[in-house]
Amino acid sequence: MLHIVVCVKQVPDSREIRIHPKTNTLIRQGVPAIANFYDMHGLEEALRIKDQHGARITVITMGPPPAEKTLKECISLGADEAILVTDRKFAGADTLATSYVLAKAIQKAAEEFGPVDLVFCGKQTLDGDTGQVGPGIACRLDLEQLTYVEKVVRLDVEKRRITVHRHLEDGVEVVETRLPALITALQEMNKVRRASLPGMIRAARYKPIVWTVKDFSDIDVSKIGLKGSPTIVAKSWVPEQKPVDGEILEDTPPEEAARQLVDKLWETELPEKLGWDAEREEVAP
Amino acid sequence: MTEARNPNTEPDWSEYRGVLVVVEQREGKARPVSWQLLGIGRQLAQKLEVDTLALVMGQDVEHLAREAISYGADKVYLADDPVLKDYRTFPYSRVCLELIREIKPEIVLFGATYTGRDLAGAIATHLPTGLTADSTMLDVEPPPSRLLLASRPAFSEKMVATILCKKYRPQMATARPGVFDALPRDPSRQGEIIPFRCPVKEEDVAARVLDFIQDEQKVHLEDASVIVAGGRGLGSPDGFKMLKELADALGGVVGASRAVVEAGWISHDHQVGQTGHTVRPKLYIAVGISGAVQHVVGMQNSDVIVAINKDPSAPIFKIAHYGVVGDWSQIVPAMIEEVKKRRGLLPVEKA
Amino acid sequence: MAQEKFDAIVVGAGPAGSAAAYTMAKAGLSVVLLERGEFPGAKNLFGGVLYRKQLEEILPDKWKKAPVERRVVEQRIWLMGEESAVTLGHRNEAYKEPVNCWTALRVKFDQWFADQAVEAGALPIYSTVATELITEGDRVIGVRTDREDGDLYADAVIIADGVNSLLGKSLGIHREWKPDEVSLAVKEVIALPREKIEDRFNLEKDEGVTIEFFGKTSLGMAGMGFLYTNKDTLSLGIGVMVNHLKKKKIKPYEILDHVKKHPMIRRLIEGGEVKEYSGHLIPEGGWNSVPPLSGNGWCIVGDAAQLVNFVHREGSNLAMTSGRYAGEAVIEAKKRGDFSQETLSLYDEKIHQSFIRKDLVKYKGMHEFLKEEDPDLLFNRLPQAANQALYELFLVDGVPKGEKQKKMLNYLKEAGGGAWGLAKLGIKGWRAMNG
Ligand SMILES: Cc1cc2nc3c(=O)[nH]c(=O)nc-3n(C[C@H](O)[C@H](O)[C@H](O)COP(=O)(O)OP(=O)(O)OC[C@H]3O[C@@H](n4cnc5c(N)ncnc54)[C@H](O)[C@@H]3O)c2cc1C
Ligand SMILES: Cc1cc2nc3c(=O)[nH]c(=O)nc-3n(C[C@H](O)[C@H](O)[C@H](O)COP(=O)(O)OP(=O)(O)OC[C@H]3O[C@@H](n4cnc5c(N)ncnc54)[C@H](O)[C@@H]3O)c2cc1C
Ligand SMILES: Nc1ncnc2c1ncn2[C@@H]1O[C@H](COP(=O)(O)O)[C@@H](O)[C@H]1O
């Protein structure tokens, strides 16, 4: 049977993050944590493969213990097993250290539940927002790397080949490659299902598997957490909104407002900037 | 050993010199972000007093190597090989890795495009080194520190963070399209083109690019000089027809807020903002868009911002240079008329 | 898959449902706690006063850990004029130890309270809506939900789905509430720095104040407003009887906007940032609107059963206590192996013997009184007159005190339709308050 691993991260709901008006620091307190929504599209695709071909799905997250909630959500949708990789020593990881630990966890999952054929990641996380962890894992585990996938077109389990649509700026690339592969999912890929009631009950009773540093036999502690992270956040600040003292027309009849507006644009030499000078000559008097 | 190594001293990076820009192309056409990166890359190189380097990979892409020189590269490494015809992570990343290991640049820059992110993520892990994603500001500390200061939005664009990579070389970053300025193209510039081998044979590559489905409809917001963007205030998908008309009259394209993309009124390619495109046109007209931060971060650097919204307290007015409070469905048609008239696009009426 | 059956399903993880689930789970019953919100409390709202006694009765060891805002040391009542108020209040250090009540926010409290039930063994199923009861003859045997394969079976169902009680309606013990049986309340949570709150309301550390106000602020409709201090927010809201809202065609938020401009309120909330805005119904039918409380395989608790003492803004405590009683009845039913009405009516008995029935019966005339009396008289003319009268009393303007007294009385008489009218009103009001 196929074994699919889905990497899911729990992230703070960025809509709820505020900046403290005085200290300019982030107020994270009370910000609800949600499953990174791109990752859930990855899970959905894994579930569809499971529905069609039969598969065992293992969800892995690295994060603090409350991430258990996200894992249970994955179980409710139909994942078979969920693993929480958690340890203080993992904290402070950048993408390099994160992909190291996740790769180790996937290897361990392969040892315990069978070789891994496919790994799904999200396109990017809402908080880290890099999209680098997926390629990082692929590289470490020598998986074929299929990023920004908007559709899995074909999966030939026998021949172990997969064909996908990769999203690019100006079109869609059709790529075929071998398994094992790693796919990073876009939201266009599918519509995430809603859990069934039996799924909800299973999740409510489910206890995720927890792996800490000690559970790994071969982890190099110099490569994890803050220590294993080459990038350092030197400083962060709230970007200053450039004060714009705009001219805002209120209570002006629409035609008049439109005329004044276009006047302004012409006054700011828009036609020159856009290279319309030549044609302006042609305008009938 | 007589002297204990001081663990606090920085490793010796003196072997690593130069700023390398990885040029992205498809079918022999370069992405504009590559030239933008050469623009900023050259500035960094000048501060560091080193060369601006470029890497061009592909098949039959020598002309791009010359273009890279016109846009500011001093030396261009050219990996021209049939294996590199289509972008595939494995062969492309091997070329980059070998080059980086051989020429040891101190900084490597990629466009934060789909391909650029795919490639940079793989390379950074292999080397390994730190990689800053999606930078919107790039600077260097002058010698002797020579540190790359890569700044990027964080936490839904609510903050900006400067990220350093002190203990590894090269320092790598992907940078957003449309944020940096390219140098004016100068075909008379001189530079050196150095061929570079592709270490991978076709039979070692598992992935095949079977097809490319060009999306004719696809807009290129990043390259547009005029964007007319619509939001939920349009009331229905039909509103975009009128915006298209205004955009056409202005020689521009249509953009959108996430709210309407999610509502299915228009495709995701049109979305401006944090989870859409970052744009910097000469003129940005926001119609029926409230101006949520996540939208604003994607367009606030436009030269001229115009807002049309019926709610005078809509936050979009805070960043607009010109604004009209009112119903778009009355104002936009009048604008179309007015613009067409001035551009002589209307049939001249007989007196 | 053979359909699994639980001992009990609790629908709704508000104070009533969580109390019931906790009580049963602790006794070892298999319990499902069903909640439509993403988590308990996600969308729940109340004014903000939480009472200790009834919580302590349920969680004797853990109540101290409840996430609350401030200990209430002072309660104020304001009778609002146009730009004035007649005030009454009581502050007492004795309310601190043992604490009488706290201000609280439901988002935090409901979540915590439900967590206690879950820790005790209840199975939490959230983001799931109960759509109807599954019945067999006149027995309730389970709950249908809006999820795929969504039927759940149990020996007993505790209906704790709040004032709108879909399930109560599906069971036929409820009808749609009449507009005069419910108030619509709107509330804002307004963020303000701690120090500002403590300064403005004369508080220290975790001390809190409640203000209830009525009069001109409800625009001539029967209504009560409230302003409570939380740690670094204020809860400001007003509830108005739905029949009056309908008649006047005023939107609830317009009333709240009006309230925010009143000089007594304005300066207390000044500089605050509105963090949340929400609306909710309050059952105000009183004892006469309480439906049958139990039947074969079910009990109904809390707001779903109209168990609210609106005169004293007590609801959550009645909800918790009724939930506990229903839970206890189901535990007994499990012991006897009989979930018929006969055993479950133990729940009715417990309610009847408790403060819940006694208080609701005491005020049972109140609903009629408010329904019948002219709201303009009670909430506009009389409060205004009282304000004018006191204005007169404290104004030193050379008018002899005797004349002033006459003037004061006149204001009241005029507003109340003469001395006789006023006396009648007084008697009616007294009766309404005393059964
Ligand atoms: C993680 C995350 C990422 C996001 N990324 C993005 C992003 O990339 N891009 C993005 O845009 N958003 C993004 N958002 C969403 C963003 O927060 C806003 O919800 C969204 O931008 C709102 O879109 P809108 O302005 O079209 O709609 P609304 O906020 O509903 O505004 C509609 C506006 O139209 C006006 N209006 C109504 N009728 C008329 C009329 N007849 N004439 C004139 N004006 C009228 C109204 O006054 C109002 O101001 C993101 C949110 C999150 C949480
Ligand atoms: C403005 C206002 C101010 C108030 N002030 C106070 C006060 O200061 N002090 C006080 O003690 N009381 C106050 N009350 C009353 C108090 O809030 C209620 O009496 C109490 O919350 C009732 O608890 P409950 O558990 O019965 O119902 P609720 O708290 O309403 O809980 C019902 C739960 O059921 C869930 N639910 C509903 N339908 C379904 C369904 N079909 N499927 C699944 N789940 C469902 C809901 O999401 C909710 O979580 C106030 C009420 C209001 C509206
Ligand atoms: N801590 C984590 N646990 C599990 N998966 C993760 C974690 N961090 C990142 N990922 C996966 O990697 C993808 C890209 O993340 P990022 O590089 O942080 O944008 C996410 O969408 C997830 O699928």
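Before moving on, here are some points about what is shown:
- Residue ID - surrounded by the fewest Cβ atoms within 10 Å (Cβ to Cβ), chosen from residues in the range C:161-201 that are of a type in the set (Lys, Arg) and out of contact with any strand residue (DSSP E or B) (no Cβ under 8 Å at 6 or more places or on another chain): C:ARG175
- Looking only at residues in the range B:294-349 that are more than 22 Å from B:GLU245 (Cβ to Cβ) and near ligand 1 (Cβ under 7 Å from one of its atoms), the one that is surrounded by the fewest Cβ atoms within 10 Å (Cβ to Cβ) is B:ASP311.
- In the range A:118-135, of all residues being more than 8 Å from ligand 3 (Cβ to nearest atom) and more than 7 Å from chain B (Cβ to nearest Cβ), the one that is farthest from B:VAL209 (Cα to Cα) corresponds to A:LEU126.
- Tallying residues that are part of a loop (DSSP other than H, G, I, E, B) and either open to solvent by 70 Å² or more (accessible area, probe 1.4 Å) or of a type in the set (Val, Ile, Thr) (or both) within the range C:401-430 yields 0.
- When the strands (runs of 3 or more DSSP E) confined to the range A:155-252 are screened for residues that are within 7 Å of chain B (Cβ to nearest Cβ), those reaching at least 2 such residues are found at A:161-168, A:171-178, A:231-237, A:247-249.
- Applying the criterion of at least 1 residues that are open to solvent by 20 Å² or more (accessible area, probe 1.4 Å) and touching a helix residue (DSSP H, G or I) at 6+ places or on another chain (Cβ under 6 Å) to the strands (runs of 3 or more DSSP E) found wholly in the range B:130-217 leaves B:192-195.
- Identity of the residue in the range B:241-265, within 12 Å of ligand 1 (Cβ to nearest atom) and surrounded by fewer than 23 Cβ atoms within 10 Å (Cβ to Cβ), that ends up farthest from the other protein chains (Cβ to nearest Cβ): B:TRP265
- Of the helices (runs of 4 or more DSSP H) entirely within the range B:230-300, those holding at least 2 residues that are under 21 Å from B:ASP215 (Cα atoms) and away from ligand 3 (no atom under 16 Å from the Cβ) occupy B:239-249, B:258-262.
- Criterion: over 21 Å from A:ILE4 (Cβ atoms), among the β-branched types (Val, Ile, Thr), at pLDDT 95 or above and assigned by TED's automatic domain parsing to the domain that holds A:LYS72 - qualifying residue of A:THR184, A:THR177, A:THR212: A:THR212
- Qualifying residue in the range C:310-329 (condition: surrounded by fewer than 20 Cβ atoms within 10 Å (Cβ to Cβ) and under 18 Å from C:ALA27 (Cβ atoms)): yes
- Being open to solvent by less than 20 Å² (accessible area, probe 1.4 Å), within 14 Å of chain A (Cβ to nearest Cβ) and more than 11 Å from ligand 2 (Cβ to nearest atom) is a property that C:ALA154 has.
- Number of positions in the range B:124-145 that are more than 7 Å from chain A (Cβ to nearest Cβ) and touching a Leu at 6+ places or on another chain (Cβ under 6 Å): 3
- Leading residue by the ranking (nearest to ligand 3 (Cβ to nearest atom)) among those in the range B:305-336 that are at the interface with another protein chain (Cβ under 9 Å from one of its Cβ atoms) and either closer than 22 Å to B:PRO153 by Cα or part of a loop (DSSP other than H, G, I, E, B) (or both): B:ILE319
- Counting only residues that are more than 14 Å from chain A (Cβ to nearest Cβ), crowded, with 24+ Cβ neighbours inside 10 Å and away from ligand 2 (no atom under 14 Å from the Cβ), the range C:17-69 holds 1 of them.
- Inspection of the range C:165-176 finds no residue satisfying the criterion of being more than 30 Å from C:ARG144 (Cα to Cα), touching an Asp or Glu at 6+ places or on another chain (Cβ under 7 Å) and away from ligand 3 (no atom under 16 Å from the Cβ).
- Exactly one residue out of A:ALA138, A:ALA97, A:ALA103, A:ALA109 is away from chain B (no Cβ under 14 Å), part of a helix (DSSP H, G or I) and not β-branched (Val, Ile, Thr), and it is A:ALA109.
- Filtered residue count, the range A:109-134, keeping only those that are in contact (Cβ under 8 Å) with a residue 40 or more places away in the chain, more than 16 Å from ligand 1 (Cβ to nearest atom) and in contact with a helix residue (DSSP H, G or I) (Cβ under 8 Å, 6 or more places away or on another chain): 7
The values are calculated or read from the model by the stated rules, or taken from the named source; none is laboratory data. Note that the coordinates shown come from a computational prediction; the quantities given were computed from them, not determined experimentally. No Cβ is skipped: glycine too gets one built from the backbone with ideal geometry, and neighbour counts run over all protein chains shown. Accessible surface areas use protein heavy atoms only, side chains included; no ligands, DNA or RNA. Shrake-Rupley method; radii C 1.70, N 1.55, O 1.52, S 1.80 Å.
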